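What follows is a short report on a single structure.
The values are calculated or read from the model by the stated rules, or taken from the named source; none is laboratory data. Owing to the predicted nature of the structure, the values given are computational and were not obtained by experimental measurement. Reconstructed Cβ throughout: ideal geometry from the backbone, glycine too, with neighbour counts over all protein chains shown.
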Amino acid sequence: MKRIWRAALPAALAAALMLTGCGGGTKAVKVRLNEVTHSVFYAPQYAALELGYFADEGLEIELTNGGGADKVMTAVVSGQSDIGLAGGESCIYVYNQGKEDHPLIFAQLTRRDGSFLVGRTDAPFSWEDLRGKTVIGGRLGGMPEMTLEHVLRQNGLEPGVDVTVDTSIQFNMMAGAFTGGSGDYVALFEPSATQVASAGQGYILRSLGEESGDVPYTCYFASQSYLKDRADTVQKFTDAVARGQKWVAEHTDEEVAAVIAPQFPDTDPAAVAAVVGRLRSIGAWNTDPVMESSAWERLETIMIGAGQLAEADKVPFETLVTNEFAEKAK
């Protein structure tokens with residue numbers, strides 16, 4: 001079942017909108033935002049929500065957890081959602097399918113994989129420990145799974161030969177499958193990794209993002225028609241995201257955790273702060289929403305290595321990415 005989150009309007013702004021609404025004036029513009037999963041990994045977005053940055057721009061955010069990049073893209077392409085937050089690979093897949101009004105990426109939120117390798121024993125770790133073992137890796141062709149394969153190859157392990165990567169388990173079910181006994185290792189987002197470790201059901205061993213390097217891991221995208229017809233809304237949305245990125249970069253882990261805590265009511269605030277610190281230490285977040293072409297090239301290299309993109313099907317940066325809104329928001 002999807003969980004819906006809406007940005008709360010500051011009291012003064014809410015009152016002003018109610019008054020203008022009664023007189024036929026300006027009302028908040030609703031933006032249906034579909035995120036790939038609900039994770040502390042997206043702290044700058046939640047900071048923008050909780051601090052009222054979207055509301056300051058006159059936007060009401062209806063936030064839906066899509067439960068996977070493929071589902072997020074389906075929602076955007078079908079018109080059920082206005083903006084998607086997921087891996088850039090999803091835009092490449094749709095473009096290569098020949099979709100006429102294919103989505104364009106207009107802002108980047110994270111620049112490294114937010115997954116952590118979790119194992120069953122608290123012992124000195126070597127990537128060689130995975131040889132002959134099974135890792136629960138996520139959906140085939142998704143960024144978490146492809147980045148995992150990339151890191152394995154960097155460390156001398158060929159997926160499907162030296163180590164089994166289980167792609168049969170849905171992204172939001174991976175932690176439960178691991179704690180239920182499936183796999184020897186699992187690649188988990190936060191706060192799931194910390195929750196598993198805190199429950200004594202696993203141990204965080206490595207950051208996949210630190211191993212893989214910079215890549216446009218999570219981006220905002222929308223259909224070309226939406227970007228054209230709602231350019232003002234998209235700019236305001238990007239401005240709010242940029243403010244959230246800047247705020248997170250300038251505040252402590254504890255301050256960030258306190259602000260985004262309402263987004264994670266079932267997680268101990270101290271654990272949220274620890275996760276924020278862990279993600280900050282690996283350079284997980286963009287400090288502004290601009291995407292660099294070099295990162296895009298690395299994304300396509302990872303996709304080719306994973307067998308999900310042919311060299312001939314590479315898509316130029318300029319074809320699927322526009323920095324028009326992000327540059328203005330810096």
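Observations
- Given (1) modelled with pLDDT of 95 or more; (2) more than 13 Å from the chain's Cα centre (by Cα); (3) in a helix (DSSP H, G or I), number of the condition Tyr46 does not satisfy: (2)
- Taken over region 228-242, residues that are crowded, with 20+ Cβ neighbours inside 10 Å and either of a type outside the set (A, V, I, L, M, F, W, C) or closer than 25 Å to Asp70 by Cα (or both) amount to 7.
- Checklist (1) in contact (Cβ under 8 Å) with a residue 40 or more places away in the chain; (2) farther than 22 Å from Ala47 by Cα; (3) touching a strand residue (DSSP E or B) at 6+ places or on another chain (Cβ under 9 Å) applied to Gln245, failing item: (2)
- Check on Ala312, over 15 Å from Gly213 (Cβ atoms) and not basic (Lys, Arg): yes
- Applying the criterion of being over 18 Å from the mean Cα position of the chain (by Cα) and either of a type in the set (A, V, I, L, M, F, W, C) or within 20 Å of Cys219 (Cβ to Cβ) (or both) to the residues of region 248-260, the residue that is surrounded by the fewest Cβ atoms within 10 Å (Cβ to Cβ) is Ala258.
- Residues in region 214-242 that are closer than 16 Å to Ala55 by Cβ, touching a strand residue (DSSP E or B) at 6+ places or on another chain (Cβ under 7 Å) and not hydrophobic (A, V, I, L, M, F, W, C): 3 in all.
- Among the residues making up region 112-129, a single one is over 30 Å from Asn286 (Cβ atoms) and hydrophobic (A, V, I, L, M, F, W, C): Ala123.
- Residues in region 126-147 that are at pLDDT 95 or above and out of contact with any helix residue (DSSP H, G or I) (no Cβ under 6 Å at 6 or more places or on another chain): Ser126, Trp127, Glu128, Asp129, Leu130, Arg131, Gly132, Lys133, Thr134, Val135.
- Residues that are at pLDDT below 95, assigned to a helix (DSSP H, G or I) and either in contact with a Lys or Arg (Cβ under 6 Å, 6 or more places away or on another chain) or among the small types (Gly, Ala, Ser) (or both), drawn from region 181-233: Ser192, Ala193, Ala197, Ser198, Gly209, Ser212
- The requirement of being over 26 Å from Ala242 (Cβ atoms) and outside any helix (DSSP H, G or I) is fulfilled somewhere in region 314-329, by at least one residue.
- Selection from region 126-166 of residues that are hydrophobic (A, V, I, L, M, F, W, C) and crowded, with 16+ Cβ neighbours inside 10 Å: Trp127, Leu130, Val135, Ile136, Met143, Met146, Leu148, Val151, Leu152, Leu157, Val163, Val165
- Scanning region 234-287 for residues that are of a type in the set (S, T, N, Q) and part of a helix (DSSP H, G or I) gives Gln235, Thr238, Gln245, Gln263, Ser281.
- Elements of the type helices (runs of 4 or more DSSP H) sitting completely within region 56-164 and holding at least 2 residues that are under 19 Å from the mean Cα position of the chain (by Cα) and not assigned by TED's automatic domain parsing to the domain that holds Leu227: these cover 143-154.
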